[in-house]
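The values are calculated or read from the model by the stated rules, or taken from the named source; none is laboratory data. Note that the structure is a prediction, hence the values are computed from the model and not measured. Cβ coordinates were reconstructed from backbone atoms using ideal geometry, including for glycine residues, and neighbour counts include every protein chain displayed. Just so you know, the surface numbers come from the protein's heavy atoms only, side chains and all, with ligands and any DNA or RNA stripped out. Shrake-Rupley method; radii C 1.70, N 1.55, O 1.52, S 1.80 Å.
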Amino acid sequence: MKITEHIASSAGKTLFSFEILPPLKGQNIQSIFDAIDPLMDFNPAFIDVTYHREEYEYMERENGLLEKRIVRKRPGTVGICAAIQNKYKADAVPHILCGGFNSEDTENFLIDLDFLGIDNVVALRGDAVKSELYFRAEKNGHAYARDLVRQIAAMNRGVYLDEDSEYCSATNFCVGVAGYPEKHMEAASFSQDIHHLKKKVEAGADYIITQMFFDNQKFFDFVKVCRAEGITIPIIPGIKPLVAQSQLSTIPHRFKVDIPNDLVLEVARARNNSAVREIGVEWAISQCRELVEFGVPILHFYSMGKSTHVKKVAAEIF
Ligand code: FAD
């Protein structure tokens with residue numbers, strides 16, 4: 001079922017969803033099931049599975065020279081989605097990137113999803129690989145998520161890259177895209193970012209799912225600006241309970257989001273990470289209560305593969 005259909009059939013009730021990461025290469029799928037099992041009680045509308053492109057690693061050889069190796073640390077996105085749909089009969093949503101894909105790779109990826117009965121995707125650009133300062137598209141690949149959305153929308157009309165569309169069957173993907181209540185780090189201004197978000201919507205996006213945020217006012221302001229700009233599709237907030245003191249620096253660095261000073265002070269004063277987890281869960285619960293009151297269609301949790309804290313929050317809300 002499409003995410004938009006879940007929202008339409010919820011009769012205004014806020015639904016639950018969460019995101020997981022594929023396990024590190026070499027681990028088996030049981031770790032994924034162990035993370036999902038405790039959250040199935042809350043009847044998730046969907047489960048997102050992130051996509052991780054290749055990275056470059058430099059290995060020192062015996063002669064002292066460095067060897068550049070390409071590694072993918074977390075493969076398995078499509079397989080995990082198929083396994084989730086099969087085991088839980090729940091909608092699994094793979095993330096699909098521009099980075100590392102040319103248009104033909106993208107088409108083939110989407111054909112696999114279509115054959116597997118996966119009809120939801122989140123279309124993203126992806127970040128620059130660690131060895132590069134700026135994102136670089138593949139030759140014949142897409143530079144922005146908007147162009148990826150266009151390709152998916154074309155396939156939904158039965159238009160493939162080279163094939164005679166008379167003989168191609170249309171896919172039926174529901175497409176999510178990313179939104180940034182605190183602006184994407186590369187955007188020159190908040191207005192420019194919203195302008196580009198609108199282009200993704202015009203290209204065919206069906207809903208927006210936001211970067212994590214810790215201050216609801218930023219989300220409310222973001223929704224207001226989107227609506228004023230004529231973006232009418234559902235906007236799903238992303239929630240992340242803090243679980244470690246170190247996240248006071250890693251989260252702003254990695255995701256370019258602010259942590260409100262009240263929360264920073266509470267976490268900084270905490271005696272240990274067990275106390276931080278209590279603070280993080282309480283903060284997320286109060287964020288969620290306010291967001292439900294605001295009427296968000298879905299609360300989407302970044303579980304990072306650990307369900308304990310998401311479960312504590314969900315238990316208070318759903
Ligand atoms: P875009 O929408 O393409 O935007 C990127 C930047 O370019 C923005 O600053 C935008 O304002 C600007 N821009 C857009 N169009 C134009 C244009 N035509 N001209 C000039 N500038 C333009 N990363 C992963 O690697 N794997 C994942 O699974 C993953 N999942 C994510 C899920 C969510 C909900 C979110 C919020 C992010 C996720 N990311 C993931 C991270 C994401 O890939 C990065 O944030 C990336 O830097 C931007 O992706 P985007 O799809 O928002 O890009």
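Side notes on the structure shown:
- Residues that are open to solvent by 30 Å² or more (accessible area, probe 1.4 Å) and in contact with a strand residue (DSSP E or B) (Cβ under 6 Å, 6 or more places away or on another chain) do occur in region 85-102, at least one of them.
- Test: residue in region 264-272 that is surrounded by 14 or more Cβ atoms within 10 Å (Cβ to Cβ), of a type outside the set (K, R) and within 14 Å of the ligand (Cβ to nearest atom): no
- Any hit, region 65-76, residues being closer than 22 Å to D119 by Cβ and either under 16 Å from the mean Cα position of the chain (by Cα) or touching a residue at least 12 places away in the same chain (Cβ under 8 Å) (or both): yes
- Residue tally, condition among the aliphatic types (A, V, I, L, M), in a loop (DSSP other than H, G, I, E, B) and closer than 28 Å to M304 by Cβ, over region 182-206: 3
To keep it simple, each residue is scored yes or no on (1) at negative phi; (2) among the β-branched types (V, I, T); (3) touching an Asp or Glu at 6+ places or on another chain (Cβ under 6 Å).
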| residue | (1), (2), (3) |
| --- | --- |
| V121 | yes, yes, no |
| G126 | no, no, no |
| L133 | yes, no, no |
| R136 | yes, no, no |
| I152 | yes, yes, no |
| G158 | no, no, no |
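- Single condition G305 does not satisfy, out of (1) at positive phi; (2) in contact with a helix residue (DSSP H, G or I) (Cβ under 9 Å, 6 or more places away or on another chain); (3) open to solvent by 60 Å² or more (accessible area, probe 1.4 Å): (3)
- Residue in region 158-175 that is modelled with pLDDT of 95 or more, within 30 Å of L263 (Cα to Cα) and either within 11 Å of the ligand (Cβ to nearest atom) or in a loop (DSSP other than H, G, I, E, B) (or both) present: no
- Hits in region 148-183 - residues which are more than 14 Å from L110 (Cα to Cα) and open to solvent by 30 Å² or more (accessible area, probe 1.4 Å): D162, E163, D164, S165, E166, Y167, Y180, E182, K183
- Residues of region 257-293 classified as part of a helix (DSSP H, G or I), closer than 16 Å to G238 by Cα and touching a residue at least 12 places away in the same chain (Cβ under 8 Å), total: 11
- Checking each residue in region 207-232 for being within 14 Å of the ligand (Cβ to nearest atom), in contact with a helix residue (DSSP H, G or I) (Cβ under 9 Å, 6 or more places away or on another chain), not in a strand (DSSP E or B) and not aromatic (F, W, Y) picks out V225, C226, E229, I231.
- Strands (runs of 3 or more DSSP E) within region 1-75 that include 3 or more residues open to solvent by less than 50 Å² (accessible area, probe 1.4 Å) and either among the polar types (S, T, N, Q) or within 16 Å of the ligand (Cβ to nearest atom) (or both): 15-20, 46-49
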